[in-house]
2 protein chains.
Amino acid sequence: MRMAVILRAAVLVLLGSLLVPSGGHGAATVEVRNEIKSMGANVKSIIDYLTSGKGKHQVYDRLAKFTDTFGNRLAGTANLENAIDYMLDTMKTDGLDNVHGERAQVPLWVRGKESATLLEPRNQNLAMMGLGTSVGTSAEGITAEVLVVRSFDELHNRSKEARGKIIVYNQVWVSYGISVAYRSHGASEAAKVGAVAALIRSVTPFSINSPHTGVQDYEDGVEKVPAACITVEDAEMLDRMATRGTKIVVNVKMEAKNHGLVWSRNTVAEIKGSTYPDQVVLVSGHLDSWDVGQGAMDDGGGAFISWQALSAIHHLGLRPKRTLRAVLWTGEEYGGYGSQKYYEDHQNESNNMNIVMESDIGTFQPVGFRFTGSSKAKGIVSEIMQYMQPFNASKVIDGADGTDIEWWFNKHVPGGSLENQNEKYFYYHHSNGDTMTVQDPTEMDLCATLWAVVAYCLAEMDEMLPR
Amino acid sequence: MRMAVILRAAVLVLLGSLLVPSGGHGAATVEVRNEIKSMGANVKSIIDYLTSGKGKHQVYDRLAKFTDTFGNRLAGTANLENAIDYMLDTMKTDGLDNVHGERAQVPLWVRGKESATLLEPRNQNLAMMGLGTSVGTSAEGITAEVLVVRSFDELHNRSKEARGKIIVYNQVWVSYGISVAYRSHGASEAAKVGAVAALIRSVTPFSINSPHTGVQDYEDGVEKVPAACITVEDAEMLDRMATRGTKIVVNVKMEAKNHGLVWSRNTVAEIKGSTYPDQVVLVSGHLDSWDVGQGAMDDGGGAFISWQALSAIHHLGLRPKRTLRAVLWTGEEYGGYGSQKYYEDHQNESNNMNIVMESDIGTFQPVGFRFTGSSKAKGIVSEIMQYMQPFNASKVIDGADGTDIEWWFNKHVPGGSLENQNEKYFYYHHSNGDTMTVQDPTEMDLCATLWAVVAYCLAEMDEMLPR
């Protein structure tokens, strides 16, 4: 998941609430309720398959094999393309329809070797990770005195002290949506006041000296200076030193380099609809990750429950009226490159797009479904979600999350995402801690179940969701 | 804190309960209660000084300055000796009595450069940390196939597969006291079945791909093979790969080297007793740490609340009847080298040693006091601990913890340690996450308060604790 998601989520919650007519949520009609009830036997077979049948722990095992085989999968790398080839082969072997890649351009940024070394007041290596799209340094690196600030306001107030310095941002963690601004804009804000590099406290509420990477955005017309994240611990230490009046000197070396755009692919698989094959229920997650950890949480989990939803329905011999389409996006971490291209290529389908769903904020214990759409549509979704009540996962919350699905919201296509107990999500996010260890087989089964049940019912109903 | 503490704690709890006569805990006599009550004004001045007066946040600030200045402090290094010099100077400047170092020999082990690299099924760096006292490898390292086991039993059952292999232990976390056996004995157990190195899952209940070091013990007469910890995440990944039947090959390089014993010092400061200067209340923590993180938790916190207790009492102009002695041990992490020498040199004082106290399991929110001693003595301590009731920290629990104080228990000297909310202690323990970030100024004030109140009252009472 990239930076802007949470901010967007806030907007979407607002949007969602605006879409609800005063007087409260629309409730499903008796006809719709009965229609959803009539799917009970098939829904039960999906639930049984994924929680106690042949599909039990399958999504975890599949994701584990995938991430253990390929590790992390940075957009633009041969490793991601190999992983995409594997997914295409595997989903074909699984028996899904119309398995294919769709080309999209993504940035190629290569991290290379990198280091940050405290030289004064004492010599110590600082754990760091360069930020995606950052420029590098010369081979000898940048050696400069440090100015520690806790906010952009402080940087601006102390702008006269900033020239020639390395800016260390020790912003307090508020929330990802708020705190990520320092990662996104820290370098350009530093450059504007004449600083030579930016070291940003990792955007996380908890750390075991763990640096967290992510994308950063250079502002047009502003000098590009190197940007990296350091750990919460080191940012706090440098802040304490500065507060004591200690002179701090740091050397930053980064081989990082931007290589422009290269071709990658979104990975697509379907179960063709029996009655309305042109109408689509789209489930998704992104296959690319940062170049650290295994990308098992962000977003292996979302991609694999999307495959698993189709896989379960296919292996049960079910073929709903509408087409079920799983899309595993590329280039999400740089800002939805794959999904934007997909939208451009497919926006002519928007009248037939019943719902676009993405899971990209964890596949921990599921709680419910985030939904963006009309009040009437929400009533229908809420009715479907009653099937998740035995798992305490039937909540319906306003405002779907997802960098890769938001393009469709302009066309009033309903959207959905997975609400889950992801309180520790940002402990691991974009760090070496994003591995299979954070995933739980039973929790993943329930996420896949929720995903499959919602997708199946929406694809099987007589009517598309009202807009 | 080193490995054996928790096991010892279990024994001490047992011992503690044996010391309690049937019929329950001894209660303090009315005279003793009145005597403790009569100290109320002085105790209040100590509490006020440390929680809202001149001493507020002082222990945190002092520890932060110390750890930011010296970083971690491995026994045997010049850095630890410089840190000891700093402490001697600083405690003299603080006005304490009889500030001096007492020589003790400690091991010198130098980590050097080290790496573990997965070569098959794919190339990937594994985060690792060599274990203290481990031998190193040749410059090209050891390259061998991996055998993953989850227990010593499994290793023994599969001993025929072990020859020439690198053993990866993926033991489940049970508790530190139980799980640490793999760190302590993993190398020798591996060598006994012909393996060439041991990689042990870090002994922690939680990880962000964080390796945790610590000491290991070679068994006499068994070949010494290199031993290192890897992360929970990587141990689990290798286990999954092995379970799938994948061939795993790893290269381990370690420059680690043992250089025998070198001289270090225990750091001592006192407030000489006004009436019984030969009788001693000893408070302590250890100043050495592992060579990672800042050693702020293990055991900067314990060392600094011990200084702080004396500092507060001194600056309030209080001088209790008995001598208060703070000892900051050296060489604890290798197994109480400093404290053993201290005991050998001072055991003639054991009849005058009123209590030996050590804080070495965290200085988080305090809960109470762990005590080893007679039932009657426990009654007195419990009465004193009533002063901590306003802070919900008045519990008295059987069985004091502390590698450095246990030597005295053979002589029936009572012992005490700090019970605190240290549920996350092993998240950080012996890792780069052991920094000032885990410390909280207010919590540290309360720990220092508890430490000072107990020490002051025991030093001020007419009688020594009954044995």
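Matching residues to (1) assigned by TED's automatic domain parsing to the domain that holds B:Pro226; (2) in contact with a Phe, Trp or Tyr (Cβ under 7 Å, 6 or more places away or on another chain):
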{"site": "B:Ala242", "(1), (2)": "yes, no"}
{"site": "B:Lys247", "(1), (2)": "yes, no"}
{"site": "B:Asn266", "(1), (2)": "no, yes"}
{"site": "B:Gly273", "(1), (2)": "no, no"}
{"site": "B:Pro277", "(1), (2)": "no, no"}
{"site": "B:Val283", "(1), (2)": "no, yes"}
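If only one of B:Lys92, B:Lys65 is farther than 23 Å from B:Gln439 by Cα, of a type in the set (D, E, K, R) and either outside any loop (DSSP other than H, G, I, E, B) or in contact with a strand residue (DSSP E or B) (Cβ under 9 Å, 6 or more places away or on another chain) (or both), which one is it?
Working: B:Lys65 fails: farther than 23 Å from B:Gln439 by Cα.
None of the others qualify; the one that does is B:Lys92.
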On the basis of being closer than 17 Å to A:Gly273 by Cα and of a type outside the set (D, E, K, R), does A:Gly317 make the cut? yes
Kindly evaluate B:Thr143 against the criterion of being in contact with a strand residue (DSSP E or B) (Cβ under 7 Å, 6 or more places away or on another chain) and under 16 Å from B:Gln216 (Cβ atoms). no
Given the structure, is A:Glu344 without any contact (Cβ under 8 Å) to a residue 12 or more places away in the chain and in the same structural domain as A:Gln439 (by TED's automatic domain parsing)? yes
Inside region A:138-253, counting only helices (runs of 4 or more DSSP H) that do not spill past its ends, which hold 3 or more residues that are more than 14 Å from every other protein chain (Cβ to nearest Cβ) and buried (at least 16 other Cβ atoms within 10 Å of the Cβ)? A:176-192
Pair list, Cβ under 6 Å, 6 or more apart: region A:201-213 residue closer than 11 Å to A:Ala127 by Cα, other residue of a type in the set (Asp, Glu): A:Asn209/A:Glu233
Hey, among the residues in region A:43-57 that are touching a Phe, Trp or Tyr at 6+ places or on another chain (Cβ under 9 Å) and crowded, with 17+ Cβ neighbours inside 10 Å, which one's nearest to the other protein chains (Cβ to nearest Cβ)? A:Gly55
Kindly evaluate A:Gly76 against the criterion of being more than 24 Å from the chain's Cα centre (by Cα), in the same structural domain as A:Ser289 (by TED's automatic domain parsing) and not acidic (Asp, Glu). no
Residue count, region A:98-111 (criterion: more than 14 Å from chain B (Cβ to nearest Cβ), surrounded by 16 or more Cβ atoms within 10 Å (Cβ to Cβ) and either modelled with pLDDT under 95 or in contact with a Leu (Cβ under 9 Å, 6 or more places away or on another chain) (or both)): 7
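Given the options A:Lys424, A:Lys395, A:Lys376, name the one that is surrounded by fewer than 21 Cβ atoms within 10 Å (Cβ to Cβ) and within 14 Å of chain B (Cβ to nearest Cβ).
One residue alone meets the criteria, A:Lys424.
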Inside region B:112-137, can you point out the residues that are within 14 Å of chain A (Cβ to nearest Cβ), out of contact with any strand residue (DSSP E or B) (no Cβ under 6 Å at 6 or more places or on another chain) and hydrophobic (A, V, I, L, M, F, W, C)? B:Ala127
Within region A:302-310, is there a residue that is assigned to a loop (DSSP other than H, G, I, E, B) and in the same structural domain as A:Thr90 (by TED's automatic domain parsing)? no
Hey, among the residues in region B:427-439 that are at the interface with another protein chain (Cβ under 10 Å from one of its Cβ atoms) and within 13 Å of the chain's Cα centre (by Cα), which one's surrounded by the most Cβ atoms within 10 Å (Cβ to Cβ)? B:Asp434
Does region A:402-410 contain at least one residue that is assigned by TED's automatic domain parsing to the domain that holds A:Lys54, small (Gly, Ala, Ser) and not in a helix (DSSP H, G or I)? yes
For residues in region B:265-303 being out of contact with any His (no Cβ under 7 Å at 6 or more places or on another chain) and under 10 Å from B:Arg73 (Cβ atoms), which is nearest to the other protein chains (Cβ to nearest Cβ)? B:Gln294
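Mind listing whichever residues of region B:281-312 are aliphatic (A, V, I, L, M) and crowded, with 24+ Cβ neighbours inside 10 Å? It would help to see each step written out before you state the result.
Narrowing region B:281-312 to residues aliphatic (A, V, I, L, M): B:281-283, B:287, B:292, B:296-297, B:303, B:305, B:309-310, B:312.
Within region B:281-312, B:Val281, B:Leu282, B:Val283, B:Leu287, B:Ala296, B:Met297, B:Ala303, B:Ile305, B:Ala309, B:Leu310, B:Ala312 qualify.
The values are calculated or read from the model by the stated rules, or taken from the named source; none is laboratory data. The model shown is predicted, which means the values in this text are computed figures rather than measured ones. As a convention, Cβ positions derive from the backbone with ideal geometry for all residues, glycine included, and neighbour counts pool all protein chains shown.
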